[in-house]
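As structure tokens, the structure follows; a few thoughts come after it.
The values are calculated or read from the model by the stated rules, or taken from the named source; none is laboratory data. Please read all numbers here as calculations on a predicted model, not as lab measurements. No Cβ is skipped: glycine too gets one built from the backbone with ideal geometry, and neighbour counts run over all protein chains shown. Please note that ligands, DNA and RNA were not included when accessible areas were found on the heavy atoms of the full protein model with its side chains. Shrake-Rupley method; radii C 1.70, N 1.55, O 1.52, S 1.80 Å.
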Amino acid sequence: MNFSTNKLVKAALFLALGIVIPLFFHLTNIPGKIFLPMHIPVLLCGFILGKEYGFIVGFITPLLNSFISGMPPLFPVAIIMAFELSVYGFFSGYLYKNKKFNIFISLIISMILGRLVSGILYYCLLSAQGNKYTLSIFVASSFIKPFMGIIIQLILIPIIVKALGNHKESIFLNE
């Protein structure tokens, strides 16, 4: 992988946003599990910088949040989120930049794959501890409870990516 200083700085910005935005939510008691504030910078990173940066920022963001603020709790939530968000970041970049999929298709597939990884890991960890993780729990925690966050992502991310794409002088698009 070829890392450029320019892209590393931009990735650091997305990582910082992935820390500051959820911190604002925690400080104002806005429920992160409903609005998913950590997901947006990771998905944007993948769309704008590509799969490698999206993967790395996605993996680091929940772990760093856990160490800085204690939210999400490291085990099992932050660890599972590290895998979930790395899948978001990777596939948003891969599908959009490499495979040239439509932004909405790339976003929806990335979100579904990330949630599937999360569901599989929760199932494995909870089953190993003797707890149940049923399909109804998966659907409720992955699609029903965070419904507002999913809608926000489906609206906000394409708008931001398209707005940046329409401004060729944007710092995010210049190498």
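Return yes when Ile159 is open to solvent by 40 Å² or more (accessible area, probe 1.4 Å), in contact (Cβ under 8 Å) with a residue 24 or more places away in the chain and under 18 Å from Val42 (Cβ atoms) and no when it is not.
Details: open to solvent by 40 Å² or more (accessible area, probe 1.4 Å): yes; in contact (Cβ under 8 Å) with a residue 24 or more places away in the chain: no; under 18 Å from Val42 (Cβ atoms): yes.
When the stated conditions are applied, Ile159 does not pass them.
Filter segment 83-104 for residues that are aromatic (Phe, Trp, Tyr) and either out of contact with any Gly (no Cβ under 7 Å at 6 or more places or on another chain) or more than 17 Å from Pro72 (Cβ to Cβ) (or both) and give the result. Talk me through it step by step, then tell me what you get.
Taking segment 83-104 as the starting set, the residues that turn out to be aromatic (Phe, Trp, Tyr) are 83, 88, 90-91, 94, 96, 101, 104.
Selection gives Phe83, Phe90, Phe91, Tyr94, Tyr96, Phe101, Phe104.
Yes or no: Leu125 open to solvent by 10 Å² or more (accessible area, probe 1.4 Å) and in contact with a Phe, Trp or Tyr (Cβ under 6 Å, 6 or more places away or on another chain)?
Working: open to solvent by 10 Å² or more (accessible area, probe 1.4 Å): yes; in contact with a Phe, Trp or Tyr (Cβ under 6 Å, 6 or more places away or on another chain): no.
No, not satisfied.
On the given criteria, is Leu44 within 11 Å of the chain's Cα centre (by Cα) and farther than 20 Å from Tyr96 by Cα? Before you say what the answer is, go through the steps one by one.
Working: within 11 Å of the chain's Cα centre (by Cα): yes; farther than 20 Å from Tyr96 by Cα: no.
Spelling it out, it is not the case that Leu44 is within 11 Å of the chain's Cα centre (by Cα) and farther than 20 Å from Tyr96 by Cα.
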Among helices (runs of 4 or more DSSP H) completely within segment 1-99, the ones holding 3 or more residues that are open to solvent by 70 Å² or more (accessible area, probe 1.4 Å) and of a type in the set (A, V, I, L, M) are 5-27
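If a residue has to be among the polar types (S, T, N, Q) and open to solvent by 70 Å² or more (accessible area, probe 1.4 Å) to count, how many in segment 128-156 make the cut? Walk me through how you get there before you give the answer.
First pass over segment 128-156, keeping only residues among the polar types (S, T, N, Q): 129, 131, 134, 136, 141-142, 153.
Then drop every residue that is not open to solvent by 70 Å² or more (accessible area, probe 1.4 Å), which leaves 129, 131, 136.
Total meeting the criteria: 3.
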Residue set Ser136, Ser118; condition under 20 Å from Ile56 (Cβ atoms) and part of a helix (DSSP H, G or I); output residue Ser118
